[in-house]
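Report on one structure; see the data block that follows.
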Amino acid sequence: MKALKIYIVEDEPLIVATITSALKKQGFQVIGDSDEYDEALPAIDKNQPDLVLLDIQLEGKKDGVDLAEALDKRSIPYLYLTSQTDPETIKRVKETHPLGYIVKPFTENGLRSNIELAWHNFSLTNQDFILLKSEGRTHKINQESILYLKAFDNYCYVVTVSDKFLVPHTLKKTSEKLNHDNFVQTHRSYWVNIKKISSTTKVAVYLGEEEIPLSSSNRNNVLQALKNL
């Protein structure tokens, strides 16, 4: 198993220290920790961990469930760190998509086995990643988080739920990296994630409120792709 890069979001310093020590003993990389939503989310966006360990109870107004919803939008995998909690919170937790739950208190072996099992199951799913170079950095992007690609002269914009990358390759070359089961060309200047399309007209597709042009030559392919979902 590769040395996973893990980010910890937990408001108890002693638990953070315990988890960090246990993970390092098992060969994992701990790339940071936070105790509140407002600090954690930008740090996670910047550091792009493989996995987040996420306590439900956090400092500040927003809790771990709020952060989980943001991670779901970014397709960043996470495991909840949980203790018994109230029914309303449990109801909210059920609306999110964690890889699993680590129940407090836990042992080092229990922590390791939960992470390894969750990551193994995650790796068996169709999570596709691509590498993109932008502004001197190489980014590992989960294709599930990509909204669309847009041509820009000999460059291409790759727009995700949280970022916008200018890639020094043409739209055609960049689109070749995509899993074409999940992406479709809507216009000579656009490729769109089929799963993100919320509605269509004769001349456009919509990703929520965002309008993407739809050419007549691509309309049938787009409609067929939507039917095949």
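The values are calculated or read from the model by the stated rules, or taken from the named source; none is laboratory data. Because the structure is a prediction, the values reported are computed rather than measured. Virtual Cβ from ideal backbone geometry, glycine too; neighbours counted across all protein chains shown.
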If I filter the range 94-118 down to residues being modelled with pLDDT under 90 and of a type in the set (Lys, Arg), which single residue comes out as surrounded by the fewest Cβ atoms within 10 Å (Cβ to Cβ)? 94
Across the range 24-81, what is the number of residues that are assigned to a loop (DSSP other than H, G, I, E, B) and under 14 Å from the mean Cα position of the chain (by Cα)? 6
Which pairs do you get when a residue that is within 15 Å of residue 187 (Cα to Cα), found in the range 143-167, comes within reach of a residue that is of a type in the set (D, E, K, R) and outside any strand (DSSP E or B), reach meaning Cβ atoms under 7 angstrom, with the pair 6+ apart or on two chains? 147/196
Do we find that residue 118 is outside any loop (DSSP other than H, G, I, E, B), more than 20 Å from the chain's Cα centre (by Cα) and either among the hydrophobic types (A, V, I, L, M, F, W, C) or over 19 Å from residue 76 (Cβ atoms) (or both) in this structure? no
Kindly indicate whether any position in the range 13-21 is in contact with a strand residue (DSSP E or B) (Cβ under 8 Å, 6 or more places away or on another chain), touching a residue at least 60 places away in the same chain (Cβ under 8 Å) and either surrounded by fewer than 19 Cβ atoms within 10 Å (Cβ to Cβ) or among the aliphatic types (A, V, I, L, M) (or both). yes
Enumeration of residues in the range 119-162 that are surrounded by 11 or more Cβ atoms within 10 Å (Cβ to Cβ) and charged (D, E, K, R): 128, 133, 144, 150
Take the residues in the range 163-184 that are among the polar types (S, T, N, Q) and under 15 Å from residue 151 (Cα atoms); name whichever of them is surrounded by the most Cβ atoms within 10 Å (Cβ to Cβ). 174
Output the qualifying pairs, or none if there are none: Cβ atoms under 6 angstrom, residues six or more apart or on different chains, first residue in the range 89-103 and within 15 Å of residue 122 (Cβ to Cβ), second residue among the hydroxyl-bearing types (Ser, Thr, Tyr) and not in a strand (DSSP E or B). none
Pick from 133, 173, 164: which is closer than 27 Å to residue 227 by Cα and in the same structural domain as residue 219 (by TED's automatic domain parsing)? 173
When you look at residue 226, is it over 30 Å from residue 17 (Cβ atoms), hydrophobic (A, V, I, L, M, F, W, C), touching a residue at least 12 places away in the same chain (Cβ under 8 Å) and exposed (fewer than 15 other Cβ atoms within 10 Å of the Cβ), yes or no? yes
